[in-house]
Amino acid sequence: MQGPSEREAAEHRRTADAAALAADEAGTTILVVDDEVLIRMTVCEELADHGYRCLEAASGAEALRLLAERSDIALLLTDMGLPGGLNGRQVADSARQARPGLPVLFVTGYADQTALAGGTGPGTAVLAKPFRMAELVETVRALIAR
């Protein structure tokens, strides 16, 4: 059993490690693409609480425009079902043509995830809606850290 000083030291190390991780990610820009404004707002608010900057897009075309204009986007977080002719997979494929290696996080409400047929590959993850915000943040951190 640890004495009080050992427990305090362990807690201090965990706090310092978390602070260092947050400092490394502070200001990292994430493009959040979802046609549902409340989802975009909620996701961006949670990410901002963890030090990330968010850009928002309501469609695939808007997302591709932002990706072409902004070189600071470190991660694409996109819904699979988007209006306007481009789904999330098509947005990610187009984005990676211009920026190979761009990490992508797909969020989907599709139970069978057929839009992701062919696999996701390295630097890619999938979260099924509804998801916990802690799970979102953990996945974002892992994709950015890779």
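For region 31-146, what relative contact order do you get, as a whole percent, if you take Cα pairs closer than 8 Å and at least 6 residues apart? Walk me through the numbers before you get to the answer.
On the way: 170 pairs, mean separation 27.1, N = 116.
About 23 percent, as a whole number.
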Exercise for review: Please list, in chain and number order, the residues 5+ apart from residue 29 or on another chain whose amide H is under 5 Å from its amide H, with Hs placed from the backbone.
Suggested key: 53, 74
Exercise for review: Quick one: which residues, 5 or more positions from residue 82 or on another chain, have an amide H under 5 Å from its amide H? H modelled 1.01 Å from N in the peptide plane, none for Pro or chain starts.
Suggested key: 88
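Rule-based calculations on the coordinates, nothing more; no lab input. Keep in mind that this is a model prediction, so the values were computed, not measured.
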